[in-house]
Amino acid sequence: MENFLKRMITESDDLMGKIKKAEKALTNDSLHLDKTQETLLASQIEGMKEYQKYLNARIGYEKKLAGIND
């Protein structure tokens, strides 16, 4: 597997971890986020999910070009 493909897969995995942590923070009442903080964090999560969608599309396409099936 190409190094850039491995890096993209690692980036996608790391991003999923960040998304999960941010979602957990958003629902954690002990953080006492105000409405603006909640709104900004929710927007950030949506942006990360959108980025991951396209990153995963690129990964899938590169795997297809390389003949990698999984």
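The C-beta contact set for the range 30-57 (first residue over 30 Å from L5 (Cα atoms) and of a type in the set (K, R), second residue part of a helix (DSSP H, G or I) and open to solvent by less than 70 Å² (accessible area, probe 1.4 Å), distance under 9 angstrom, 6+ apart or interchain) is empty.
Among the residues of the range 49-62, those identified as charged (D, E, K, R) and touching a helix residue (DSSP H, G or I) at 6+ places or on another chain (Cβ under 7 Å) are K49, R58, E62. Going by what's in this entry, would D13 be described as open to solvent by 90 Å² or more (accessible area, probe 1.4 Å) and not in a helix (DSSP H, G or I)? Considered against the rule, which asks whether it is open to solvent by 90 Å² or more (accessible area, probe 1.4 Å) and not in a helix (DSSP H, G or I), D13 comes out as no. Taking the conditions exactly as written (assigned to a helix (DSSP H, G or I), modelled with pLDDT of 95 or more, under 15 Å from the mean Cα position of the chain (by Cα) and not aromatic (F, W, Y)), does E38 satisfy them or not? No; evaluated as a whole, the condition is false for this residue. In summary, E23 fulfils each of the numbered conditions (1) within 18 Å of the chain's Cα centre (by Cα); (2) over 18 Å from T10 (Cα atoms); (3) open to solvent by 70 Å² or more (accessible area, probe 1.4 Å) with the single exception of condition (3). Look at the range 5-28: where a residue is in contact (Cβ under 8 Å) with a residue 40 or more places away in the chain and a partner is surrounded by fewer than 15 Cβ atoms within 10 Å (Cβ to Cβ), sitting 6+ places away or on another chain with Cβ atoms under 8 Å, you get L5/A66; M8/R58; L15/Y51.
The values are calculated or read from the model by the stated rules, or taken from the named source; none is laboratory data. As the structure is a computational prediction, the values presented were derived from the model and not from experiment. In this analysis, Cβ positions are derived from the backbone assuming ideal geometry, glycine residues included, and neighbour counts consider all displayed protein chains. Just the protein is used for accessible areas: all its heavy atoms, side chains included, with ligands, DNA and RNA removed. Shrake-Rupley method; radii C 1.70, N 1.55, O 1.52, S 1.80 Å.
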